[in-house]
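The values are calculated or read from the model by the stated rules, or taken from the named source; none is laboratory data. None of these values were measured; they are calculated from a predicted model. Cβ placement follows ideal geometry from the backbone for every residue including glycine, while neighbour counts extend to all protein chains displayed.
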Amino acid sequence: MLVINLTRNQVLAERAVYAGTFWSRFRGWMGKKTAEFGEALLLDPCRSVHTFWMRFPIDVVFVSADGLVVHVIEKMEPFRFSPVVRRAKLVIELPPGVVSRTGTRAGDRLMLQNSGGIFL
């Protein structure tokens, strides 16, 4: 899945994986040694995340049902809880530095596209 910041004309990820079940969301990137630029994990539905049992920090983007970025956390360290972001419908977990590199911030509009077309 492709994740594009339409506001900034930046690609956040070319290889986003959709996690739409309880267990796939719970597991997330736990146990993964690192995340490479271009990778992302899309947690849907999701309003908060944790980084327990993770080995590296992550950038976290909270997105509303209409594709608006409503909250961003840069370089969330392992063994932390995020706040609950009530306006979020889904969360995108990214390698650390992606948010800074792309200039992504609250208020930006994202587009998610998979092989079947536009997802959001």
Practice item. Name, by its number, the condition in (1) at pLDDT below 95; (2) more than 13 Å from the chain's Cα centre (by Cα) that does not hold for residue 50. Key: (2)
**Study point:** Checklist (1) of a type in the set (D, E, K, R); (2) over 11 Å from the mean Cα position of the chain (by Cα); (3) modelled with pLDDT of 95 or more applied to residue 25, failing item
**Key:** (3)
Revision key, fill the gap. Screening 70, 98, 91 for residues that are without any contact (Cβ under 8 Å) to a residue 40 or more places away in the chain and either surrounded by 19 or more Cβ atoms within 10 Å (Cβ to Cβ) or closer than 15 Å to residue 5 by Cα (or both) leaves only 70
Check your understanding: Pick from 80, 8: which is surrounded by 14 or more Cβ atoms within 10 Å (Cβ to Cβ) and closer than 21 Å to residue 119 by Cα?
Key -> 8
Point to revise | Hits in the stretch 1-53 (condition: closer than 23 Å to residue 83 by Cβ, part of a strand (DSSP E or B) and without any contact (Cβ under 8 Å) to a residue 40 or more places away in the chain) | key: 19, 50
Exercise for review: Hey, can you tell me all the residues within the stretch 1-60 that are polar (S, T, N, Q) and touching a helix residue (DSSP H, G or I) at 6+ places or on another chain (Cβ under 6 Å)?
Suggested key: 5, 10
